[in-house]
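Right, one structure below, let's go through it.
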Amino acid sequence: MPTVKDVIVRKPSKEQEHKCKSWPIWRCEPSTFDWAYTQKETCLLLEGEVTVTDGNDSVTFGAGDMVEFPVDLECTWQVKKPVKKHYTFE
């Protein structure tokens, strides 16, 4: 079972940023909710700040970060600042 240690956070290349612009946009106000990934998700945060925890560890990311979530990850999202992100599932 994956953990948040398997979440990849990095700065995207210019090519990756351009590709992300064709992906849908998701928005969320500050909140806390549980989430289970049934597919791999890749997203690019345009705005906001989030901490994701699996009960043992956590990872924080924000505007400008490209994030990959592995399939089968079960976690809790803590949206600290309103989020706007491009996303895609594989």
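Where a number appears in this text, it was derived from the coordinates with a stated rule and is not lab data. None of these values were measured; they are calculated from a predicted model. Please note: Cβ atoms are built from the backbone with ideal geometry, for glycine as well, and neighbour counts cover all protein chains shown.
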Residue satisfying all of: in the stretch 43-78; within 22 Å of residue 21 (Cα to Cα) and of a type in the set (A, V, I, L, M); surrounded by the fewest Cβ atoms within 10 Å (Cβ to Cβ) among these: 63
Could you list, in sequence order, the residues of the stretch 1-19 that are part of a helix (DSSP H, G or I) and not β-branched (Val, Ile, Thr)? 5, 6, 14, 15, 16, 17, 18, 19
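Could you count how many residues in the stretch 14-62 are farther than 22 Å from residue 3 by Cα and hydrophobic (A, V, I, L, M, F, W, C)?
6
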State all residues of the stretch 20-79 that are touching a residue at least 24 places away in the same chain (Cβ under 8 Å), assigned to a loop (DSSP other than H, G, I, E, B) and of a type in the set (A, V, I, L, M, F, W, C); if no residue qualifies, say none. 23, 71, 73
Which residue is nearest to residue 72 (Cα to Cα), if the candidates are limited to the stretch 6-24 and must be exposed (fewer than 11 other Cβ atoms within 10 Å of the Cβ) and under 15 Å from the mean Cα position of the chain (by Cα)? 24
